[in-house]
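Contents: one structure, followed by commentary.
The values are calculated or read from the model by the stated rules, or taken from the named source; none is laboratory data. On a predicted model such as this, the values are computed, not experimentally measured, just so you know. Because the Cβ atoms are built from the backbone with ideal geometry, glycine has one as well, and the counts that use them run over all protein chains shown.
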Amino acid sequence: MTYSQYAYVEAFLDMKQKSWINAHVHMYEYFGGVARILVPDNCKTAVVHNGGFKDQQVNETYQEMAEYYGTAIIPARVRAPKDKPNAEGTVGNISTWITAALRNEQFFSLAELNLAIRDKLELFNQRLFQKKEGSRRSLFLGEEKPLLSPLPATRFELSDWKAATVQFNYHISVDGMLYSVPYEYIKKKVDIRVTDTTIEIFYNHNRIASHRRLKGRPGQYSTITEHMPADHQKYLEWNGDRFRKWAERIGINTYTAVNAILTSKSVEQQTYRSCMGLLKLAEKYSDALLEAACKKALSYTASPSYKSIKNLLVTGSEKLASEAIDTKTTHKAHGITRGADYYRR
């Protein structure tokens with residue numbers, strides 16, 4: 001802080017963007033507030049171009065952080081140390097009171113080093129001035145802290161930006177996880193802001209969706225009900241297990257066909273209409289005929305569709321009826337035989 005010279009010090013392994021931003025976030029939390037103006041040096045992490053006060057370009061992520069905290073970034077001019085004289089003097093004092101004081105100690109982790117730095121920092125900020133009353137800390141608390149802007153409710157998170165096209169299942173993919181957007185944006189190109197905890201999706205600079213970031217096994221879905229088309233929402237009271245149990249009551253072939261349909265789409269809800277249509281065929285044709293149609297369809301492919309099974313019933317119901325009689329007789333004599341894979345479900 002320029003008036004009190006109250007300082008914050010933390011060690012990092014590099015000066016890359018993540019370290020630079022985190023240093024600022026931790027600094028604001030240490031101060032307990034935000035100064036209206038921030039005067040950084042001209043490192044590449046902070047400043048893209050500096051042609052003086054009238055021609056400056058700040059790093060995009062750095063500017064995003066500043067806007068989040070409500071502060072203005074005004075980089076010091078090149079080779080103009082008088083733009084921040086107290087900061088330059090404090091750096092020199094820190095070199096003596098913290099860096100030099102720890103030079104002969106050995107640390108085995110960055111966290112261990114920062115604990116030692118924090119101890120020295122507290123002593124440095126509380127050390128009494130030689131030519132005036134008080135300390136850096138007392139001067140900061142009395143004169144500067146009351147003028148700081150309050151911290152936002154949550155700390156700023158470093159983010160990456162990605163671009164994607166919304167898939168036909170109204171989801172976008174980020175690092176192997178899928179997140180829904182309103183279905184009206186299918187095939188639209190969107191921008192995605194990715195932080196450690198949050199996924200935000202923007203279309204034409206307007207946020208259209210926000211999700212907690214998924215962790216763990218790839219292929220997980222985060223789907224918001226309101227993003228689904230109406231014909232998908234009406235099946236929300238249903239789930240895959242309910243369709244499987246319904247199909248199982250009809251027969252093992254119907255169960256196998258329904259299970260194949262349920263696993264044929266990346267979003268299970270997209271298959272519910274087909275499952276409902278397939279199982280409703282039993283009301284029109286009978287359980288036995290549907291079971292026979294599923295058996296025949298499964299003899300052609302391991303993943304039959306609702307349409308292919310319906311076509312078998314429409315065009316070959318008489319032949320299926322005779323097969324259904326044979327199947328019924330077999331079931332009465334021997335029951336339904338299920339393989340070991342069935343019981344592992």
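Out of Asn253, Asn259, one residue alone is more than 30 Å from Ile21 (Cα to Cα), in contact with a Gly (Cβ under 9 Å, 6 or more places away or on another chain) and at pLDDT 95 or above. It is Asn259. Residues in region 208-233 that are more than 24 Å from Lys18 (Cα to Cα), without any contact (Cβ under 8 Å) to a residue 24 or more places away in the chain and out of contact with any helix residue (DSSP H, G or I) (no Cβ under 9 Å at 6 or more places or on another chain): 2 in all. Among all residues of region 48-60, there is none that is of a type outside the set (D, E, K, R), at pLDDT below 95, in contact with a helix residue (DSSP H, G or I) (Cβ under 6 Å, 6 or more places away or on another chain) and in the same structural domain as Gly134 (by TED's automatic domain parsing). If you take the residues of region 1-39 that are part of a loop (DSSP other than H, G, I, E, B), under 27 Å from the mean Cα position of the chain (by Cα) and hydrophobic (A, V, I, L, M, F, W, C), which of them is nearest to Leu115 (Cα to Cα)? Checking each candidate, the answer is Phe12. Working only within region 147-177, note down all residues that are farther than 12 Å from Ser4 by Cβ, outside any loop (DSSP other than H, G, I, E, B) and not β-branched (Val, Ile, Thr). Passing the criteria: Ser149, Asp160, Trp161, Lys162, Ala163, Ala164, His171, Ser173, Met177.
Do you know which residues across region 265-275 are among the hydroxyl-bearing types (Ser, Thr, Tyr) and modelled with pLDDT of 90 or more? Scanning region 265-275 gives a single hit, Ser274. Checking each residue in region 104-118 for being of a type in the set (D, E, K, R) and under 19 Å from Val91 (Cβ atoms) picks out only Arg118. When the residues of region 254-310 are narrowed to those that are of a type in the set (Ser, Thr, Tyr) and part of a loop (DSSP other than H, G, I, E, B), which ends up surrounded by the fewest Cβ atoms within 10 Å (Cβ to Cβ)? Restricting to residues being of a type in the set (Ser, Thr, Tyr) and part of a loop (DSSP other than H, G, I, E, B), the top hit is Thr301.
When region 182-208 is filtered for residues that are within 12 Å of Val166 (Cα to Cα) and in contact with a Ser or Thr (Cβ under 8 Å, 6 or more places away or on another chain), the ones remaining, listed by number, are Lys187, Lys188, Lys189, Val190, Ile201.
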